[in-house]
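Scroll down for the structure; my scribbles are underneath it.
The values are calculated or read from the model by the stated rules, or taken from the named source; none is laboratory data. If you're wondering where the values come from, they're calculated on a predicted model, not measured in any experiment. For neighbour counting, all protein chains shown are included, and Cβ atoms are generated from backbone atoms with ideal geometry for every residue, glycine included.
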Amino acid sequence: MAKTIMIVDDSASIRQVVGIALKGAGYDVIEACDGRDALSKLTGQKINLIITDVNMPNMDGITFVQEAKKLAAYKFTPMMMLTTEAADDKKQAGKAAGAKAWLTKPFQAPTLLDAVSKLVLP
Amino acid sequence: MAIEVKQQKNGVIHLAIQDEMTIYSVLEQKQELLKYLKTAKEVQIDLADVTEIDGAGLQLLMFLKQEALAAGIKLSLSQHSKAVVEVFELLHLSNHFGDPIVISADWRTS
Amino acid sequence: MSELDAALTVFSQEAEELLTDMEDALLLLETNPDDSETINSLFRAMHTIKGSSGLFGFNCIVAFTHEAESVLDLVRNGERVIDAELISVLLDSKDHTAKLVEHCLTQPDTPIPAELSAVSERLIKQLTGRQETAIQQAAEKSSVESEGGGDISTDDNWLISLDFHYDAFRDGMDPLSFIRYLKTLGEVKEILTLAPDMPTGDDMDPENCYLHIKIAFQSDATKQTIEAVFEFAAEDCDIKILPPNSKIEEYLRLLDQQADTHVQRLGDMLINVGALTKNDVDHALQHQHADSLTEIEVPAKPLGEILVEQHVVQQPLVDQALKKQEQTKQKLASEANYIRVDAAKLGHLINLVGELVISSAAMNLIVERHALTDAGDVAASMNALVNSIRDTALELRMVQIGETFSRFRRMVRDVGKELNKDIELYISGGETELDKTVVEKINDPLTHLIRNALDHGIESAEQRLAAGKPAQGTVQLNAYHESGHIVIQIADDGAGLDSERILAKAIANGLVKADHDLTQQEIYNLIFAAGLSTKDQATNLSGRGVGMDVVKKNIEALRGSVEIDSVTGEGTTITISLPLTLAIIDGFMVGTGQDRYIIPLSMVDECVEMNPEECEIDEIQHYINLRGQVLPYLRLGDYFSNQIIDSNNKRESLVVVKFGQVKAGFVVDHLHGEHQTVIKPLGKVFDNLKGITGATVLGDGNVALILDVQGLINSAIKYQSSSFHRQIKTNLSGERK
């Protein structure tokens, strides 16, 4: 049974690249373009990992993580935050919200797969 | 119901867990299973339908074993699903539980 | 004889010796099969012959000895039992190896004869034939051990210990995921899953993680890489990774190769060789720090001891690192090369550097004014050079204060004898550096203060015993750096200052009025006023009433300050704060009208534009309300030119300065920014000028005055309190301005 990963990012190109990399490695992928969109797509299906950007329109990544952690079906789902090198405070805020894993932007596909596979192998 | 009672006779109870054993399910499963453990003399648990098991599920099995030992109840696991065997092998735990594990031939090919 | 021939001779001798040793070892094993050292020597024999044969390209020897080596490796690791049968096969193998060596040496160019290769094959079969069953046996044995919670073998394995915290599952961390990932880096040899703290019955919360996992892991990965596997679990797990014993030798070798050009800290050395990661050291340091907070009496544990206790590194590594550190220290000490330089020459150099800084500023100004973009880059890189020349030149004059401190040992001993007091001097922070010119000038004030402590501070032995204190008194000398200053503390554990007596004396001398409203702190500071000595009978050492005022003056001449604090019955602490250097400072330039002033950058707290939202100015009571913080202030323009400028039409800025704990605001017209300031002392004529400590020449040739921040803060406070009193009086008399 393939593992499912949700990628939340307002950049269509990042969603696409991440999507291709993850699908290529054997994961199922759900895409969402911001926190609000992502929440509406959390409908009870099984998700093994949520990867989210921080800065997004409508609902930012930290709020999204907090909201997702309130949902019974996702409260224990591992969350990975995409941060930039400079924003260490964002990383800390993300950790406090419940996203214990992080990946520093910009990243390349192998780095992403490496980080993801520490949490969920395909 | 996630846990089915297949047979109950003379204090020997035969259960089947028919669900994943993950952090999302262990709370309910623990309460349920602990109840049987308090009343029975011998418990057999069929794991054939445990499609998925994570660290929390594994911990629950270890807990049951510990409880059974303390209460002098015979606990045996059987029909380990592929997911359970994978985790037991990962942690070299087969001996810990001490139950014979039957590995189906078709797992290897899948 | 060619070099190759010579090498072959060595090889032949070596092989012969090793094979003889091997035979002896095998015969020994017949009577004593469990001797690990003998087994090791067997392994080494095959291993070495294989290695050197490879060098000469004797592939038939490599192929054969490789099999023998593998079998012996299993034996060495306890995975295969050595019995009479195996010993006889190994003896045959030994003879066979000798034959192979002989063949390769005598007829290197002919292929190996068929009969020899047939023997090779037969022996290999015999050697490896039983391997299958042997491995099975060994596997069973090891799992029985791990079942019983026994030790996991550490020789070639990393030992990874993961103690998960209760919240791990809730945070989405599944221990199993990390182990699955770990398996991509190497081989999990053994693994123990325990739940030592798991409660029983209803108390067990299945959503808590109680798992503790111990893993013996075989991998060539670095410690860094292995640690990175558990990176995301760092908050949810105590992770300890102990390198394999077989790695120790490599680390020891690397430790030995560490450059000994400078002394490194223990943690850094172990990180450099890869035995520790930065996280390991950070954790240990935190642990050390926490310990020193809870147990004040006990000196902090050495870092190495903590690291070994936490099972992140082996004792021999720590020992070796410490040894290396000590060696480096000694080597550096013995190699230390000093050149004696005439202090005047050094002074001249520093003056020149000062001029260089000024001309460089002048050049920048011109480059900027004419917008010479291509010259800008050159100027910028020259600026950087000038800055580092400045720092290096100033560093040349930096000396440790320790030498000055230790001179007082003798004095304390002699004076103690004379006064019939038993006094011990404790020195700390002797490695703190400051400008030689400052050191020279601080000697006299320090002598005076220490004499005072000995004479007035420490009581006689009888008095001390009566007060419940140890008969031996202590004086502590301490130095440290703090925000661009050096702080020197002289603390005694004597009787403390008697504020009543200071006050009585001050009133008698007319220094203060009887109806004073001084704080305790202000009373203590009265002893720095001229003509005040609290000791009724002056001794020949100190207390003639000339002293403390001179001390204060000397320190202030160095742009420093002195403060006194005392607790009755417990002692007195005098704190001296001095600038690190007297020649060049990093300044912050501000302006009012046409005038420009320099504030030492280390004293600038913040700069704000004066807008009503952030700060309100109360002209009548003379304070500024900055985001709820009340500050005394000075308008620099008013203060120095004494002309009232209409401030309403201008945009003003506020520079908040601090000295020690005290803050004040300076209101200025312009903020010019940071400025490297070469201090030119002012002549005697300006001695009476308040608020100025020196001047500097700017790049455009103008002069800027360097502000005496401490003096100005005091003036600002005075203004505030006097206007406050004035205000009260006005209110009382019902008058309004």
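Kindly check whether there is at least one residue in the range C:68-88 that is closer than 14 Å to C:V119 by Cα, crowded, with 16+ Cβ neighbours inside 10 Å and touching a residue at least 24 places away in the same chain (Cβ under 8 Å).
Of the residues in the range C:68-88, the ones closer than 14 Å to C:V119 by Cα are C:68.
Checking the rest, the ones that are also crowded, with 16+ Cβ neighbours inside 10 Å come to C:68.
Next cut, touching a residue at least 24 places away in the same chain (Cβ under 8 Å) only: C:68.
Yes: one or more hits.
Just to verify a result, which residue in the range C:206-233, among those that are closer than 12 Å to B:Q59 by Cα and in contact (Cβ under 8 Å) with a residue 12 or more places away in the chain, is surrounded by the fewest Cβ atoms within 10 Å (Cβ to Cβ)? Please lay out each step first, then the result.
Step one: of the range C:206-233, the residues closer than 12 Å to B:Q59 by Cα are C:206-213.
With in contact (Cβ under 8 Å) with a residue 12 or more places away in the chain added as a condition, the list becomes C:207-213.
Numbers: C:E207: 17, C:N208: 19, C:C209: 27, C:Y210: 22, C:L211: 25, C:H212: 19, C:I213: 21.
Going through the qualifying residues, I end up with C:E207.
Assuming A:P122 fulfils every condition listed in (1) touching a Ser or Thr at 6+ places or on another chain (Cβ under 7 Å); (2) surrounded by fewer than 17 Cβ atoms within 10 Å (Cβ to Cβ); (3) within 13 Å of chain C (Cβ to nearest Cβ); (4) touching a residue at least 40 places away in the same chain (Cβ under 8 Å) apart from one, which condition is it?
(1)
Scan the range A:15-41 residue by residue and report those that are within 14 Å of chain C (Cβ to nearest Cβ) and outside any loop (DSSP other than H, G, I, E, B).
Selection gives A:A25 alone.
Restricting the search to the range C:220-246, which residues are more than 10 Å from every other protein chain (Cβ to nearest Cβ) and acidic (D, E)? Explain how you work it out, then say what you get.
Of the range C:220-246, the ones more than 10 Å from every other protein chain (Cβ to nearest Cβ) are C:220-227, C:237-246.
Correct list: C:D220, C:E227, C:D238.
Please specify each residue of the range A:67-100 satisfying the condition of being over 21 Å from A:C33 (Cβ atoms), small (G, A, S) and either within 11 Å of chain C (Cβ to nearest Cβ) or surrounded by 21 or more Cβ atoms within 10 Å (Cβ to Cβ) (or both).
A:A96, A:G98, listed by residue number.
Select from the range A:42-54 the residues that are exposed (fewer than 15 other Cβ atoms within 10 Å of the Cβ) and either acidic (D, E) or more than 14 Å from chain B (Cβ to nearest Cβ) (or both) and list them in ascending order. Write out each step before concluding.
Taking the range A:42-54 and keeping what is exposed (fewer than 15 other Cβ atoms within 10 Å of the Cβ), we get A:43-45.
Of everything in the range A:42-54, just one residue is exposed (fewer than 15 other Cβ atoms within 10 Å of the Cβ) and either acidic (D, E) or more than 14 Å from chain B (Cβ to nearest Cβ) (or both), namely A:T43.
Is one or more of the residues making up the range A:42-59 part of a helix (DSSP H, G or I) and either without any contact (Cβ under 8 Å) to a residue 12 or more places away in the chain or not acidic (D, E) (or both)?
Of the range A:42-59, the ones part of a helix (DSSP H, G or I) are none.
So far as the range A:42-59 goes, no, none of its residues is part of a helix (DSSP H, G or I) and either without any contact (Cβ under 8 Å) to a residue 12 or more places away in the chain or not acidic (D, E) (or both).
May I ask you to verify whether B:L64 is facing chain C (nearest Cβ under 9 Å), at pLDDT 85 or above and either surrounded by 16 or more Cβ atoms within 10 Å (Cβ to Cβ) or assigned to a helix (DSSP H, G or I) (or both)?
Considered against the rule, which asks whether it is facing chain C (nearest Cβ under 9 Å), at pLDDT 85 or above and either surrounded by 16 or more Cβ atoms within 10 Å (Cβ to Cβ) or assigned to a helix (DSSP H, G or I) (or both), B:L64 comes out as no.
Would the range C:417-429 turn up any residue that is touching a residue at least 60 places away in the same chain (Cβ under 8 Å) and touching a Lys or Arg at 6+ places or on another chain (Cβ under 7 Å)?
Taking every residue of the range C:417-429 in turn, none turns out to be touching a residue at least 60 places away in the same chain (Cβ under 8 Å) and touching a Lys or Arg at 6+ places or on another chain (Cβ under 7 Å).
Kindly indicate the residue of the range C:182-219 that is facing chain B (nearest Cβ under 7 Å) and aliphatic (A, V, I, L, M) and also nearest to B:K30 (Cα to Cα) among those meeting that condition.
C:M204
Could you say which residue among C:H283, C:H311, C:H287 is modelled with pLDDT under 80 and part of a helix (DSSP H, G or I)? It would help to see each step written out before you state the result.
Numbers: C:H283 fails: modelled with pLDDT under 80; C:H311 fails: part of a helix (DSSP H, G or I).
The match here is C:H287.
Determine whether the range A:51-70 contains at least one residue that is among the basic types (K, R), at pLDDT 85 or above and more than 14 Å from the chain's Cα centre (by Cα).
Quick first cut of the range A:51-70, residues among the basic types (K, R) only: A:69-70.
If we keep only those that are at pLDDT 85 or above too, we end up with A:69-70.
Then drop every residue that is not more than 14 Å from the chain's Cα centre (by Cα), which leaves A:70.
Checking the range A:51-70: at least one residue is among the basic types (K, R), at pLDDT 85 or above and more than 14 Å from the chain's Cα centre (by Cα).
Restricting the search to the range C:405-444, which residues are surrounded by 14 or more Cβ atoms within 10 Å (Cβ to Cβ) and among the hydroxyl-bearing types (S, T, Y)?
Passing the criteria: C:S428, C:T432, C:T437.
Using the structure shown, decide if B:K30 is within 21 Å of C:M173 (Cβ to Cβ), part of a helix (DSSP H, G or I) and facing chain C (nearest Cβ under 10 Å).
Details: within 21 Å of C:M173 (Cβ to Cβ): yes; part of a helix (DSSP H, G or I): yes; facing chain C (nearest Cβ under 10 Å): yes.
Against the criterion (within 21 Å of C:M173 (Cβ to Cβ), part of a helix (DSSP H, G or I) and facing chain C (nearest Cβ under 10 Å)), B:K30 qualifies.
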